[in-house]
Amino acid sequence: MKQPSVTANEIIALLIEKKDDKQRDHLMRFFKTGKGEYGEGDQFLGLKVPQTRGIVKEARLLVSLDEIQKLLLSEWHEVRLAGLLLIVEEMKANLPKRKDNYEALRLKAERRKEITEFYLRNARCANNWDLVDLSCEYVIGPFIRYSDSPDYEILYRLAESDNLWEQRISIVTTLDFIRNGIFEPTLHLADKLISHPHDLIHKAIGWTLREIGKRDEKTLLVYLEDNYSKLPRTALRYAIEKLPEQERQYWLKRK
């Protein structure tokens with residue numbers, strides 16, 4: 001088994017080599033980094049996500065959690081993204097496989113717990129919507145789903161946080177469950193967050209409801225029937241996006 005041997009400084013150097021000032025200016029506008037905006041103060045190198053993924057691919061499983069911690073504390077958005085994607089790679093490598101014996105399964109379960117606890121301690125470093133969306137469902141989701149006793153309270157506590165990004169993590173994580181036919185955590189979190197004032201939470205609610213509807217339209221329609229009067233307009237638009245046009249117009253006019 002390879003031992004971690006790539007440092008945070010080496011990864012940062014590789015990312016800085018690829019900086020692009022023109023792309024940087026575009027990203028800082030796109031991710032709302034201006035005064036009073038949700039990404040206020042965030043700094044970008046100007047890399048596209050595939051560029052960061054390429055560096056992560058070469059370093060995967062070779063970076064210790066201590067070194068990943070240094071990446072997560074960086075001022076640079078793309079460096080934090082690299083750290084989060086490295087955590088995702090750690091989780092993927094520790095998912096159970098059919099060929100695993102009891103000892104391998106036990107060790108992987110312990111490692112998944114360690115990885116998730118590390119992610120949760122650093123959750124506020126995922127301080128923009130892309131950092132949340134590219135990591136949480138692939139880390140916390142599998143950890144909960146593969147647990148002997150799945151504990152969704154982890155997400156419910158995050159939903160009650162005073163931090164926008166932890167709140168978004170709570171519901172975006174449930175995309176992992178939705179893909180595996182588990183809908184109740186999403187519906188419960190949508191209820192908890194339905195009166196949230198921020199558009200980024202409204203979009204996340206609508207996005208996850210839409211994904212439920214793609215797999216079980218009846219469950220989505222029942223939820224809409226019970227909650228349409230409380231559901232923010234943005235959340236409703238996202239939720240009904242894949243419904244037949246006549247059904248979409250019904251909900252839009254009813255709202």
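The values are calculated or read from the model by the stated rules, or taken from the named source; none is laboratory data. In this text, all values refer to a predicted model and were calculated from it rather than measured experimentally. Virtual Cβ from ideal backbone geometry, glycine too; neighbours counted across all protein chains shown. When the accessible area is computed, the model is the full protein with side chains, heavy atoms only, and any ligands, DNA or RNA have been set aside. Shrake-Rupley method; radii C 1.70, N 1.55, O 1.52, S 1.80 Å.
A compact table of results
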{"read-out": "Qualifying positions in segment 69-78 - in a helix (DSSP H, G or I) and surrounded by fewer than 24 Cβ atoms within 10 Å (Cβ to Cβ)", "value": "Gln69, Lys70"}
{"read-out": "Breaking point among (1) in contact with a helix residue (DSSP H, G or I) (Cβ under 6 Å, 6 or more places away or on another chain); (2) over 25 Å from His198 (Cβ atoms); (3) of a type in the set (A, V, I, L, M, F, W, C), for Ile16", "value": "(1)"}
{"read-out": "Count - residues of segment 88-132 that are of a type outside the set (Gly, Ala, Ser), in a helix (DSSP H, G or I), under 17 Å from Trp165 (Cα atoms) and open to solvent by less than 20 Å² (accessible area, probe 1.4 Å)", "value": "6"}
{"read-out": "Output for segment 210-233, where each listed residue is under 16 Å from His196 (Cα atoms) and open to solvent by less than 40 Å² (accessible area, probe 1.4 Å)", "value": "Asn227, Leu231, Pro232"}
{"read-out": "Test: residue in segment 48-64 that is in contact with a Ser or Thr (Cβ under 7 Å, 6 or more places away or on another chain) and modelled with pLDDT of 95 or more", "value": "yes"}
{"read-out": "Unique residue being within 30 Å of Gly34 (Cα to Cα) and open to solvent by less than 10 Å² (accessible area, probe 1.4 Å) when the list is Ile144, Ile169", "value": "Ile169"}
{"read-out": "Subset tally (residues that are closer than 13 Å to Tyr146 by Cβ and touching a residue at least 24 places away in the same chain (Cβ under 8 Å)) for segment 71-107", "value": "4"}
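This table checks each residue for (1) in contact (Cβ under 8 Å) with a residue 24 or more places away in the chain; (2) assigned to a loop (DSSP other than H, G, I, E, B); (3) within 18 Å of Asn180 (Cα to Cα).
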{"site": "Arg210", "(1), (2), (3)": "yes, no, yes"}
{"site": "Thr219", "(1), (2), (3)": "yes, no, yes"}
{"site": "Glu225", "(1), (2), (3)": "no, no, no"}
{"site": "Lys230", "(1), (2), (3)": "yes, yes, no"}
{"site": "Ala235", "(1), (2), (3)": "yes, no, no"}
{"site": "Tyr238", "(1), (2), (3)": "yes, no, no"}
{"site": "Glu241", "(1), (2), (3)": "yes, yes, no"}
